[in-house]
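Structure record follows, encoded as structure tokens.
The values are calculated or read from the model by the stated rules, or taken from the named source; none is laboratory data. Model, not experiment: these values are computed from the prediction. Cβ atoms come from the backbone with ideal geometry, glycine included; neighbour counts cover every protein chain shown. Just so you know, the surface numbers come from the protein's heavy atoms only, side chains and all, with ligands and any DNA or RNA stripped out. Shrake-Rupley method; radii C 1.70, N 1.55, O 1.52, S 1.80 Å.
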Amino acid sequence: MSREENKIVRKRLANAYLSSVISISLVLLLVGVASLLILNARGVADYFKENMQISVLLKQEVSDSKAEKYEQSLQTLPFINSTRLVSKEEGTEEMKAMLGEDFLSVFESSPIPISIDITLKADYVSADSLDMVIAAISESPLVDEVSCQQSLIEALNANLSKISLILAVFIALMLFISFVLINNTVRLNVFSRRFTIHTMKLVGATKAFIRKPFMVKAVYQGLISAAVAIFILSGMLLFVKKSFAQLFEIFKSDILLLGAFVVIASGVLICVVSTYFVVNRLVSMSKDELYI
């Protein structure tokens, strides 16, 4: 082989290696997204549950000082996540925004009472727990009414269960596709070196000796592909953090690190396993089978 031909072959091998790294990186990106969804599934569900508001309407005669003390007492209850006191003035402004400036003209005095908007801890956002929560809050003589969209909460719980099931099936399918794609990419990359493997076999090299450089290369290929995938995934997470800062809070640092580990482990494991089986198959081929 001439020097020019050798240069062309090296260039082709470099292009094949680069394209395989890019392909594997994109597939590992899907693995990373899937792993983060799995690891944060409970956190996402809890995020939506803990943002469902319940309004506690106080009686008209309740003063601001009594309302503040009652809000403080609510914060000590085990099922309360957060509270926000809405004064008569704030409530009136909110109603004006909804109904128009002149909605109070039909009343002699403002009918808007002091209210407290509360959110519950995720474990208590269910039909059975809500009845207990409403009963506990309604016991106070200051409370006139507890308003919550119970049908919406029930729909949320039902939809979250359906979404979790669909998500589990989707992620399982995506992981299977990821494995097949990476396996095929590695197979094509190694298969392009089949004549090199055959030459090594002719000079008496053992399977382990032939397999070793390919396995080492597979480890590096998996690590490089995983690094690229993690870099892209980090960019996506930074975008989420800037655009949806509150939602990003559910992604804990230990879970993010675990997700990165899953990407690295998946990349290395699939590349090594695929390479192992492909090289073993090529070593067992006859000369005639190499041209098929």
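List of remarks:
- Phi angles across the range 137-146 convert, under the Karplus curve 6.51 cos²θ - 1.76 cosθ + 1.60 with θ = phi - 60°, into 3J(HN,Hα) values of 6, 5, 5, 5, x, 7, 8, 9, 7, 10 Hz, Gly and Pro given as x.
- Accessible carbon and sulfur surface of the range 24-92 relative to its total accessible area, %, 1.4 Å: 56 percent
- Of the solvent-accessible surface of the range 210-281, computed with a 1.4 Å probe over protein heavy atoms with every protein chain present, carbon and sulfur atoms account for 76 percent.
- Computed with a 1.4 Å probe on the full set of protein chains, the accessible area for LEU223 sits at about 80 Å².
- Rolling a 1.4 Å probe across the protein heavy atoms gives the range 194-256 an accessible surface of 65 Å² per residue.
- Label-to-label distance for LEU257 and PHE244 is 2.5 nm, based on points extended 7 Å past Cα in the beta-carbon direction.
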